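Down below is the structure, laid out as structure tokens.
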Amino acid sequence: MKAYFQKHILNFKQPSGTSRGVLRIKETYFLSIEHNGEKGIGECGLFRGLSIDDRPDYEEKLQWICDNINLGKEKLLKQVFDLPSIQFGIEQAFLSLESANPFELFPSDFTNGKEAIPINGLVWMGTFDFMKQQILEKLKSGFTTIKLKIGAIDFNQEIKLLDSIRKEFSADEIELRVDANGAFYPTDALEKLKRLSDFDLHSIEQPIKVKQWSEMASLCDKTPLPIALDEELIGVFSNNEKKELIKTINPQYIILKPSLIGGFHGCNEWIKISNTNTIGWWITSALESNIGLNAIAQFTYSLGVSIPQGLGTGSLFTNNFDSPLEVRKGALHYNPDLQWGFNP
């Protein structure tokens, strides 16, 4: 068995704004395995500035994995327990290697084109007019759930934008989610949540910055608007620490990004803990290429989800790979008649 990795830079079609800054490129890595004439591929979706494994020795660790690929999946995963995006790449690559089709990791009615996954339409931060334009485009495309990035422009402008949407579309017609990416301060977060709750929002993601457990717990206790933890889950490795976080903060939802929290295994641990505590969850991509997005989508479908997931990011890039993934009428489809534009 042999393995190698390659780096790929994804270019955004247009600069995409978050409260942490504007994204123009996204760096990622592909891990390939070859054995007895078969090939497997996995994506290590490093997210600079956000991933806990954004560190100087990242490529060195990837090379170590390649040099020691014969240790097998389980031993390799233990060696990179603190490198979640590499864990995810390893999981994908071995599943891909073992599959009759290297891109079908979880064969199902999704991969045979019979079923689709409901997803939200993503609206990036920008000027009032730019954000409204995106919203209208998502509605025209058939989305009934829209997620807006907030926290970068004036809050009153964002309130005005939400107000304009609700004057045209009720909560029964359009579900609205917002993502603050930690932009609010603990001192003003509750007041902002109260103002946001006037617009019948489904939820708000990560209203304040991470590692403020007592402040976040207080918000989750008092909030008039369901709160979903997102970045808060990054860097929480042990099962006991995961349980402690959920017990302490007691959020209404958590959001699972396999590249950031340790792949399929990491997601399954969080899901088990959340289900035990009657906490909702959904899964989103973290700006992977279609290689990683495909793996996340197939895994997500296998869990029997019903609410919209965050898997509509494949069309953001100018140099993504052709794939069977298609977004139609607010859902992610897998069209088995389409070919992959990537050779493992």
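What number of residues in region 159-215 are assigned to a strand (DSSP E or B), of a type in the set (D, E, K, R) and either modelled with pLDDT under 95 or out of contact with any Asp or Glu (no Cβ under 8 Å at 6 or more places or on another chain) (or both)? Total meeting the criteria: 2.
Taking region 245-271 as the range and being in a helix (DSSP H, G or I) and among the polar types (S, T, N, Q) as the test, the residues that pass are 248, 259, 268. Quick check, is residue 155 over 18 Å from the mean Cα position of the chain (by Cα) and buried (at least 21 other Cβ atoms within 10 Å of the Cβ)? Spelling it out, it is not the case that residue 155 is over 18 Å from the mean Cα position of the chain (by Cα) and buried (at least 21 other Cβ atoms within 10 Å of the Cβ). In the condition set (1) under 18 Å from residue 166 (Cβ atoms); (2) in contact with a helix residue (DSSP H, G or I) (Cβ under 6 Å, 6 or more places away or on another chain), residue 138 is compliant with all but (2).
Residue 140 - would you say it is over 19 Å from residue 204 (Cβ atoms) and among the basic types (Lys, Arg)? Yes; evaluated as a whole, the condition is true for this residue. Is it true that residue 146 is modelled with pLDDT of 95 or more and touching a strand residue (DSSP E or B) at 6+ places or on another chain (Cβ under 7 Å)? The answer is no for residue 146. Across region 277-327, the number of residues qualifying as of a type in the set (Ser, Thr, Tyr) and part of a helix (DSSP H, G or I) comes to 4.
Based on what the data block shows, is residue 87 modelled with pLDDT under 95 and closer than 20 Å to residue 287 by Cβ? The answer is no for residue 87. When region 160-193 is filtered for residues that are surrounded by fewer than 20 Cβ atoms within 10 Å (Cβ to Cβ), of a type in the set (D, E, K, R) and touching a residue at least 12 places away in the same chain (Cβ under 8 Å), the ones remaining, listed by number, are 160, 163, 166, 173, 175.
Selection of region 2-26 for residues being surrounded by 16 or more Cβ atoms within 10 Å (Cβ to Cβ), of a type outside the set (Lys, Arg) and closer than 30 Å to residue 133 by Cα yields 10, 12, 16, 17, 18, 19, 23.
Looking only at residues in region 287-344 that are of a type in the set (Asp, Glu) and in contact (Cβ under 8 Å) with a residue 60 or more places away in the chain, which one is farthest from residue 6 (Cα to Cα)? Steps first, answer last, please.
Quick first cut of region 287-344, residues of a type in the set (Asp, Glu) only: 288, 322, 326, 337.
From what is left, the residues that are in contact (Cβ under 8 Å) with a residue 60 or more places away in the chain are 288, 337.
On the way: 288: 14, 337: 28 Å.
Of everything passing the filter in region 287-344, 337 is farthest from residue 6 (Cα to Cα).
The values are calculated or read from the model by the stated rules, or taken from the named source; none is laboratory data. These numbers come from a predicted model, not from an experiment. Ideal geometry is used to build each Cβ from the backbone, glycine not excepted, and the neighbour counts take in all protein chains shown.
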